Each structure stands twice: as C-alpha cells, then as structure tokens.
Amino acid sequence: HGSFGDNPQFKLTVPRNTSAIFNLSQTDKRGIGREKNFCIGWSCFSNNGQRIVGNNTPRPVHKSGTYTNVREKFTEISLKASDKPYTFVCSTFKPGEETGFTLSIITK
C-alpha cells in the first residue's frame with residue numbers, strides 16, 4: 001500500500017551472524033476508551049538502512065509472519081552479518097489504523 005513507508009522504521013546493524021527474538025508491542029489501549037488491539041507485524045529489509053518510501057518497497061528478507069490481533073508479537077529469526085544496516089518497518093495490517101509501537105530485540 002502507498003502509505004506503508006509512513007510507518008515507524010528502525011535501523012539495525014548486525015556485526016556478526018546472530019539469532020534474535022523480536023518483540024513487537026503496541027500501545028496498551030485499556031483505560032483510554034479503546035480496548036481493541038490492531039493486527040500488527042513487521043518486515044525486515046536489506047536495503048543499506050535506507051528509509052522505505054511510497055510504493056517502491058523492496059522484497060523483505062524477514063517478516064514477523066501473519067499479522068495478528070495481539071498486544072505483543074514475538075518472532076525468532078537469524079540475521080546474517082552485514083556492514084550495512086537492515087531496515088525494520090512496524091505496521092498494522094489495515095492502512096489508516098494507528099497505534100504506538102515498541103520493538104525490542106534480544107540476541108543470543
């Protein structure tokens with residue numbers, strides 16, 4: 001979708017091959033008048049850490065899997081060492097749905 005590049009994006013440099021657990025969480029909406037979570041997920045791009053913009057989205061090298069209606073989503077992946085950063089894009093499944101994200105990474 002054309003608005004995909006408007007989502008939060010993070011750069012990650014991986015100096016050595018590593019296994020990592022990624023925890024994507026969305027803002028807790030309880031107590032602010034909205035109890036429903038959105039379907040969330042992330043995509044990882046090997047594009048020299050460049051920002052993803054518009055409809056010209058490269059093919060992701062990793063994804064969090066199916067977008068899921070949960071507060072937190074855990075995914076374990078292996079990343080290859082690279083002197084150029086990866087770009088992670090966190091998003092909701094449907095364009096126009098907005099929430100805050102936190103992306104935590106635990107390496108082994």
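Points to keep in mind about this one:
- Among the candidates 43, 25, 19, the residue that is in a strand (DSSP E or B) and in contact with a helix residue (DSSP H, G or I) (Cβ under 9 Å, 6 or more places away or on another chain) is uniquely 43.
- Residues located in segment 50-82, provided they are touching a residue at least 24 places away in the same chain (Cβ under 8 Å) and among the charged types (D, E, K, R): 51, 71, 72, 73, 76, 80
- Of all the residues in segment 86-108, those that are within 21 Å of residue 19 (Cβ to Cβ) and either among the hydroxyl-bearing types (Ser, Thr, Tyr) or open to solvent by 30 Å² or more (accessible area, probe 1.4 Å) (or both) number 9.
- Candidates 41, 65, 54 - the one that is at pLDDT below 90 and within 16 Å of residue 89 (Cα to Cα): 54
- Residue identified as surrounded by 14 or more Cβ atoms within 10 Å (Cβ to Cβ) and within 19 Å of residue 101 (Cα to Cα) among 3, 64: 64
- Residue that is farthest from the chain's Cα centre (by Cα), among those in segment 13-27 that are within 17 Å of residue 73 (Cβ to Cβ) and not small (Gly, Ala, Ser): 27
- Test: residue in segment 70-84 that is of a type in the set (S, T, N, Q), modelled with pLDDT of 95 or more, assigned to a strand (DSSP E or B) and exposed (fewer than 12 other Cβ atoms within 10 Å of the Cβ): yes
The values are calculated or read from the model by the stated rules, or taken from the named source; none is laboratory data. Keep in mind it's a predicted model, so treat the numbers as computed, not measured. Cβ atoms come from the backbone with ideal geometry, glycine included; neighbour counts cover every protein chain shown. All accessible areas refer to the heavy atoms of the entire protein, side chains included, with ligands and DNA or RNA removed. Shrake-Rupley method; radii C 1.70, N 1.55, O 1.52, S 1.80 Å.
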